[in-house]
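Read the figures in this text as sums done on the coordinates, not as results from a lab. The structure presented is a predicted model; accordingly, all values stated were derived computationally and were not measured. Reconstructed Cβ throughout: ideal geometry from the backbone, glycine too, with neighbour counts over all protein chains shown.
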Amino acid sequence: MLVDGRVKEYVVGSPHEITDRLFVVRRAFRMNDALPEESVPRWQWQRGGWLLVDRVTGRVSPASLPSFDPDFSAASWYRDYAAYCGLGDDGKKTYAVVAQLSRRKPVLKKLLPMVPRDDSPQESICPAPLWQRNPVRVSFAPDAGDKQTFAVRGTAVDLVSDAEEED
């Protein structure tokens, strides 16, 4: 990503436009994977978290997404909300998470059934959630569980039952 004609950050994937001034994009960085006894660096590209970029000032800052794991979470953006499957602090629990950029705590953090996963950094722990407009809803469909849909109303989230979904 170039800012004022200079490389500011390395990024991967498409940016998500939040406003005409702000957008988010996924960070990428090179990590030295060499062991202490190896004298030559072994550079590897790694996916990082999300960056919030202000087009007017050129300011780049990390977007704080609670329980987001750069290796296993696939975020889906709608407006200033990010929905993704996050990992607990112990790395064993999986959560459905909806985070809003302006808030420190997630709008939604609900425990999901245990998602079996390998340790491959290329695979997310569940598919990216799907957003709906009018009314605003987000659906999580983890591999090891039933689809769950939540209605998002400002800073509140409600579980939508199957009967409500059919209406």
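Annotations for the structure displayed:
- Each residue in Val138, Val98, Val11 was given a count of other beta-carbon atoms within 10 angstrom of its own, and listing them fewest first yields Val11, Val98, Val138.
- Label assignment, percent of Cα pairs over 27 Å apart derived from the structure, set [x] 21; [y] 16; [z] 32: [z]
- Our helix-only sum for the chain, with -39,500 (n - 2.57) per DSSP H run of n ≥ 4 divided by its residues, gives a mean residue ellipticity at 222 nm of -500 deg cm²/dmol.
- In plain terms, the residue of Lys105, Lys93 with the fewest other Cβ atoms within 10 Å comes first and the most crowded comes last, giving Lys105, Lys93.
- Check: the chain dipole with +1 on Lys, Arg Cβ and -1 on Asp, Glu Cβ, in debye: 780
- Footprinting exposure proxy for Trp77, Trp50, Trp45 (fewest neighbouring C-beta atoms within 10 Å first): Trp45, Trp77, Trp50
- Here the Karplus relation 6.51 cos²θ - 1.76 cosθ + 1.60, evaluated at θ = phi - 60°, turns the backbone of region 133-138 into coupling constants of 10, 6, x, 5, 9, 9 Hz, with x for every Gly and Pro.
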